[in-house]
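For reference, the structure is listed below as structure tokens.
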Amino acid sequence: MAVLDSVCPLDCPDTCSLAVTVEDGRITKVDGSSRNPYTDGVICAKVRRYPERVYGPERILHPQRRVGPKGEGRFERIRWDEALAEIAARFERILAEDGGEAILPYHYGGSNGLLGEDAADLRFFRRLGASELLKTICAAPTGAVYEAMYGRMGGVPPSDFQLAKAIVLWGVNPSATSIHLATCVREAQKRGGFLAVIDPRRTPLARNADLHLPLRPGTDVVLALAMIRELVHRGGCDRTFLEQHTNGHAEILAAAEEYDLERAGEICGVSPRDIAALVEAYAAASPAVVRCGWGVERNRNGGNAVRAILAVPAVAGKFGVRGGGLTMSLSRPYPLNRDRLSRPELLRRPVRQINMNHLGRVLLEEKDPPVRALFVYNANPVASTPNQNLVLRGLAREDLFTVVHEQVMTDTALFADIVLPAQTIFEHEELHKAYGHYFLQHSRPVIAPVGESLSNPETFARLAAAMGFDEPELQATSAELLRDVLEGSGARLGNEGVERVQREGVVPLHFDGDEVIQFGNERPTTASGRVELCPPELGPVRYEARAASFPLTLLSPASNALVNSIFGERVRSPKIDLHPDDAAARGIADGDEVRVFNDLGEVRVRVRLTTDIRAGVVSLAKGLWRASTGNGSTSTALVADDLTDIGGGACFNDARVEVCRA
Ligand SMILES: Nc1nc2c(c(=O)[nH]1)N[C@H]1C(S)=C(S)[C@@H](COP(=O)(O)OP(=O)(O)OC[C@H]3O[C@@H](n4cnc5c(=O)[nH]c(N)nc54)[C@H](O)[C@@H]3O)O[C@H]1N2
Ligand SMILES: Nc1nc2c(c(=O)[nH]1)N[C@H]1C(S)=C(S)[C@@H](COP(=O)(O)OP(=O)(O)OC[C@H]3O[C@@H](n4cnc5c(=O)[nH]c(N)nc54)[C@H](O)[C@@H]3O)O[C@H]1N2
Ligand code: SF4
Ligand SMILES: [Mo]
């Protein structure tokens with residue numbers, strides 16, 4: 001028996017270090033380890049059960065070829081060399097007839113490891129001249145806004161939240177999505193810190209907050225502007241900071257003038273007194289920190305909401321002290337050489353770009369050229385991409401050649417022509433950044449590959465060889481990819497950072513000084529070196545009210561049991577949250593099976609009545625598998641593939657639905 005080090009690679013901000021028990025070559029236990037001092041031995045319950053996925057009945061053990069109709073899931077076992085030869089032959093024919101752009105890679109955050117995504121895979125697809133996928137399904141609006149306003153400035157690290165006298169959690173639910181941050185927030189509360197939560201749902205932290213503003217989804221831009229106006233009118237605006245460190249303050253203050261407390265209260269559906277109380281507590285506290293999550297962005301007004309939220313700490317002058325300022329994704333300060341890793345120079349001519357949120361319509365409607373081959377890896381679009389029914393129709397196209405590289409037989413893999421077995425984190429080497437802390441981590445395999453599974457780098461290297469591509473960078477090993485991504489990492493990793501991370505497994509990022517202080521040692525990296533409150537690329541500040549086609553707003557947030565669709569195979573009977581008033585109006589009782597529907601689709605599930613959600617809003621978890629509902633449809637079946645106002649993001653929390661008894 002041995003206990004070996006690993007790292008959780010799931011798309012979760014915490015990137016915990018793991019201690020994995022291996023007996024006779026098999027994993028018997030996954031636990032937390034203290035190698036990463038921030039995650040310090042604590043992990044979530046779902047990852048403790050990871051071995052069930054590694055060895056479970058859904059695990060894909062060898063390459064397979066479809067023998068039945070698309071989607072039915074009947075496959076025959078084939079050898080790797082047969083699979084690769086068949087893919088290469090199909091790709092070559094498509095290249096000759098329609099060009100590389102008729103091939104579409106589809107990938108996202110299945111593994112957040114640096115070697116398994118946007119590395120060997122992109123090298124291969126660039127050499128092929130395939131269409132380029134715009135990775136917009138998550139964090140595109142927040143990313144575009146943050147980049148334009150603050151550049152790559154580091155955010156407040158979670159451990160410093162304990163120092164804050166006021167914390168505003170805005171559209172984020174750390175109890176499910178970032179458990180170590182939740183611990184830090186509770187610690188700040190124990191020390192007397194004020195907590196406000198802005199969320200249409202009463203999340204676990206909202207239950208014990210000093211103030212919970214259950215606003216109407218999609219109205220955050222108005223709330224943030226009203227806060228700014230109130231700061232100005234109540235003497236909480238830091239004019240000196242605005243003059244010295246920002247551009248565009250006159251514009252944002254002018255936009256804010258439109259929303260006094262009464263008007264904002266009416267639009268957002270919260271009491272004007274609560275908005276005033278929020279501003280008062282926030283203005284009075286130092287340090288005060290705003291944590292903006294991703295729930296806010298998934299709306300047609302999402303980009304503008306995030307820009308207005310990120311302006312609040314600047315207007316209030318909350319920077320310059322440890323524990324004060326703002327936090328979103330913390331991945332920006334990582335010293336990563338993305339171009340060295342993904343080699344843009346392999347692209348011989350510009351190629352078309354395809355927004356991943358439009359997968360369904362692209363498969364069905366794109367003509368110039370049509371998508372003839374789809375290569376899915378690190379993603380499960382049937383579960384996770386907007387407009388599920390359109391995606392399913394696209395995948396059902398008889399003339400579409402679909403390859404899926406996966407760990408388990410997902411709803412997407414069922415539609416593949418060729419299925420390729422992928423490894424889990426326990427079977428290959430990886431390098432891990434995090435978006436919820438500042439420790440770079442390295443992990444080695446702890447078991448031999450299960451079945452004939454291959455890592456992503458190995459799969460794309462073999463595919464390149466099968467295509468006869470002879471560029472040496474298409475055959476890079478994990479060790480070479482690791483060196484490439486850290487090339488030039490310099491001071492941020494210490495002088496011998498590359499060796500150290502491999503030797504020690506965990507290396508903290510170095511900031512100038514030990515602490516991270518926004519507008520101390522961390523500053524905006526915008527061209528002006530200032531906060532850009534109204535940069536031209538974000539357009540004018542705006543809020544678009546929307547005529548409701550159906551009466552209820554559907555949210556589909558993260559839940560404890562899954563990470564996106566990973567572990568969805570375990571979920572048996574999910575429930576949709578409905579407010580008792582909405583239920584009474586429809587004659588629905590707790591536990592009833594209901595139809596949730598709109599003009600795009602219908603989902604049949606049971607109901608959970610709860611006052612933890614605002615009336616007029618319903619909530620069904622993201623990432624469910626089709627088998628878990630009564631009719632094989634999940635929340636994405638009700639989500640239109642509209643794009644957000646900024647960044648081309650998905651509008652998951654902007655769906656309108658009706659609910660009735662089934
Ligand atoms: N357990 C678990 N952890 C995860 C994930 C998971 O699936 N499961 N997913 C990971 C990923 S990929 C991501 S991106 C992060 C996401 O992390 P979070 O941002 O915390 O997650 P979400 O659940 O998308 O949204 C957070 C909250 O936003 C609220 N919300 C919805 N619409 C609005 C709105 O219009 N305004 C406001 N103010 N709030 C709104 C929702 O009710 C929800 O409680 O979590 C990561 N961690
Ligand atoms: N309704 C609704 N849907 C949402 C959201 C929402 O708020 N509401 N939010 C979304 C968010 S936040 C995100 S980030 C996206 C995520 O969307 P996706 O990135 O598509 O996430 P998953 O559905 O978890 O699919 C990841 C797949 O990658 C596989 N995988 C893991 N590791 C590897 C590997 O090393 N190699 C290969 N080849 N495969 C691997 C996993 O088994 C899994 O099936 O979904 C979005 N979908
Ligand atoms: S999913 Fe998140 S909380 Fe759970 S082990 Fe992985 S990184 Fe840690
Ligand atoms: Mo995400």
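Model label points for Thr28 and Arg608, set 7 angstrom from Cα along the Cα-to-Cβ axis, are 3.5 nm apart. Amide H contacts of Ile354: Glu132, Leu133, Leu134, each under 5 Å away and 5 or more positions distant or on a separate chain (H built 1.01 Å from N in the peptide plane; Pro and chain starts excluded). If one computes the Cα centroid of the stretch 85-143 and of the stretch 268-327, what distance in Å separates the two points? Centre-to-centre (Cα) distance: 37 Å.
Over the C-alpha atoms of the stretch 504-558, the Rg to Rh ratio, Rh being the Kirkwood estimate, stands at 1.22. Label separation (Ala89 vs Val42): 5.6 nm, computed from points 7 Å beyond Cα along the C-beta direction.
Excluding Ala148 itself, what net charge comes from residues whose Cβ is under 9 Å from its Cβ, given Lys and Arg +1 and Asp and Glu -1? Could you put the intermediate results ahead of the total?
Values: positive: Arg307; negative: Glu147, Glu532, Glu537.
Counting the neighbours of Ala148, the net charge comes to -2.
The calculated FRET efficiency for the pair Arg546 and Asp260, based on their C-beta separation and a Förster distance of 22 Å, comes to about 0.50.
Which of rounded, prolate, oblate describes the stretch 323-401, given a ≥ b ≥ c as roots of the alpha-carbon gyration tensor eigenvalues and a/c under 1.5 marking rounded, otherwise prolate only if a/b is larger than b/c? Judged from the Cα gyration tensor, the stretch 323-401 comes out oblate (a/c at least 1.5, b/c at or above a/b). Over all projection directions, the Cα-based convex hull of the stretch 217-262 averages an area of 3.5 nm². Here the 3J(HN,Hα) profile of the stretch 81-90, calculated from phi with Karplus coefficients 6.51, -1.76 and 1.60 at θ = phi - 60°, is 5, 5, 4, 5, 5, 5, 5, 4, 5, 5 Hz, Gly and Pro shown as x. Could you estimate the translational diffusion coefficient of the stretch 232-336 from the Stokes-Einstein equation, with Rh from the Kirkwood formula over C-alpha pairs, at 10 °C and 1.306 mPa s, in whole µm²/s? My calculation gives 105 µm²/s for D. Please work out, to two decimal places, the log10 of the ratio I(q)/I(0) at q = 0.14, 0.15, 0.19 Å⁻¹ from a Debye calculation in which every Cα of the stretch 481-604 carries one identical scatterer. Relative scattering, expressed as log10 I(q)/I(0), comes to -0.93, -0.95, -1.14.
Could you work out the relative contact order of the chain? I mean the mean sequence separation of Cα pairs under 8 Å and 6+ apart, divided by the number of residues, in percent. 21 percent. Here is the list for the stretch 454-546: GluC sites (Glu not before Pro) lying in DSSP coil, each with at most 11 other C-beta atoms within 10 angstrom of its C-beta, are Glu496, Glu544. What translational diffusion coefficient, to the nearest whole µm²/s, does the stretch 156-246 have by Stokes-Einstein, given a Kirkwood radius computed over alpha-carbon pairs, a temperature of 10 °C and 1.306 mPa s viscosity? In µm²/s, the coefficient is 110. For the stretch 47-114, the list of chymotrypsin sites (Phe, Trp or Tyr not before Pro) that fall in a loop by DSSP and count at most 13 other C-beta atoms within 10 angstrom reads Tyr55. For the stretch 424-528, the normalised intensity computed at q = 0.17, 0.18, 0.21, 0.22 Å⁻¹ comes to -0.92, -0.98, -1.15, -1.20 (log10 of I(q)/I(0), Debye sum over alpha carbons, equal scatterers, no solvent).
Can you tally the net charge around Cys138? Count Lys and Arg as +1, Asp and Glu as -1, for every other residue whose Cβ sits under 11 Å from the Cβ of Cys138.
Details: positive: Lys135, Arg298, Lys622; negative: Asp11, Glu297.
Once all neighbours under 11 Å are counted, the net charge is +1.
Taking the centroid of alpha carbons for each part, the stretch 571-590 and the stretch 328-406 are 35 Å apart. Taking 26 Å as the limit for the C-alpha separation, the pairs Lys135/Lys433; Lys46/Lys318; Lys433/Lys622; Lys46/Lys433 exceed it in the case of Lys46/Lys318. Of the trypsin sites (Lys or Arg not before Pro) in the stretch 138-238, the ones in a loop by DSSP (not H, G, I, E or B) with at most 13 other beta carbons within 10 Å are Arg191, Arg234. Couplings for the stretch 472-489, taken from phi via the Karplus curve 6.51 cos²θ - 1.76 cosθ + 1.60 with θ = phi - 60°, read x, 5, 7, 10, 4, 7, 4, 4, 5, 4, 4, 5, 4, 5, 9, 4, x, 5 Hz in order; Gly and Pro are left as x.
Computed from the C-beta positions of Asp368 and Arg191, the FRET efficiency with R₀ = 60 Å rounds to 0.50. Carbon-plus-sulfur accessible fraction, the stretch 552-635 (probe radius 1.4 Å, protein heavy atoms only): 45%.
Might you tell me the accessible area per residue for the chain, computed with a 1.4 Å probe and given in Å²? Let's see the in-between values first.
Numbers: 23850 Å² over 662 residues.
Value returned for the chain: 36 Å² of accessible area per residue.
With the biggest extent put first, the Cα atoms of the chain measure 71, 65, 53 Å across the principal axes. Given a 1.4 Å probe and every protein chain left where it sits, what share in percent of the accessible area of the stretch 27-138 is carbon and sulfur? The C+S portion of the solvent-accessible surface of the stretch 27-138 is 48 percent. Equivalent-ellipsoid semi-axes for the stretch 592-662 (Cα gyration tensor, √(5λ), whole Å, largest first): 21, 15, 11.
Net charge in the neighbourhood of Gly192 (other residues with Cβ under 15 Å of its Cβ; Lys, Arg +1, Asp, Glu -1) is +2. Projecting label points 7 angstrom from Cα along Cα→Cβ for Glu82 and Glu280 puts them 7.4 nm apart.
Find how much the distance from Ala250 to Glu504 grows on full extension, using 0.36 nm per residue of separation minus their present alpha carbon separation; answer in nm with one decimal. Each step should come with its number before you reach the end.
Numbers: separation 254, 0.36 × 254 = 91.44 nm, distance 4.93 nm.
Gain in length upon complete extension: 86.5 nm.
Rolling a 1.4 Å probe over the protein heavy atoms of the stretch 407-485, with every protein chain left in place, gives an accessible area that is 52 percent carbon and sulfur.
Working from the Cα coordinates of the stretch 1-154, the gyration tensor eigenvalues give, after taking √(5λ), semi-axes of 34, 27, 13 Å in decreasing order. Listed values for the stretch 157-170 are Karplus-derived 3J(HN,Hα) couplings in whole Hz (6.51 cos²θ - 1.76 cosθ + 1.60, θ = phi - 60°), namely x, x, 5, 7, 4, 5, 7, 6, 8, 9, 10, 10, 9, 10, and x replaces Gly and Pro.
Is it possible to state the helix-based mean residue ellipticity at 222 nm for the chain, with each DSSP H run of 4+ residues giving -39500 (n - 2.57), the sum divided by total residues, to the nearest 500 deg cm²/dmol? What is it? Can you show the working numbers first?
Working: 22 runs with 192 residues, N = 662.
That calculation yields -8000 deg cm²/dmol at 222 nm.
The values are calculated or read from the model by the stated rules, or taken from the named source; none is laboratory data. It should be emphasised that the depicted structure is a prediction, and the values quoted were computed from it without experimental measurement. FYI the Cβ positions are ideal-geometry reconstructions off the backbone, even for glycines, and counts take in every protein chain you see. With ligands, DNA and RNA removed, areas are computed over all heavy atoms of the protein, side chains included. Shrake-Rupley method; radii C 1.70, N 1.55, O 1.52, S 1.80 Å.
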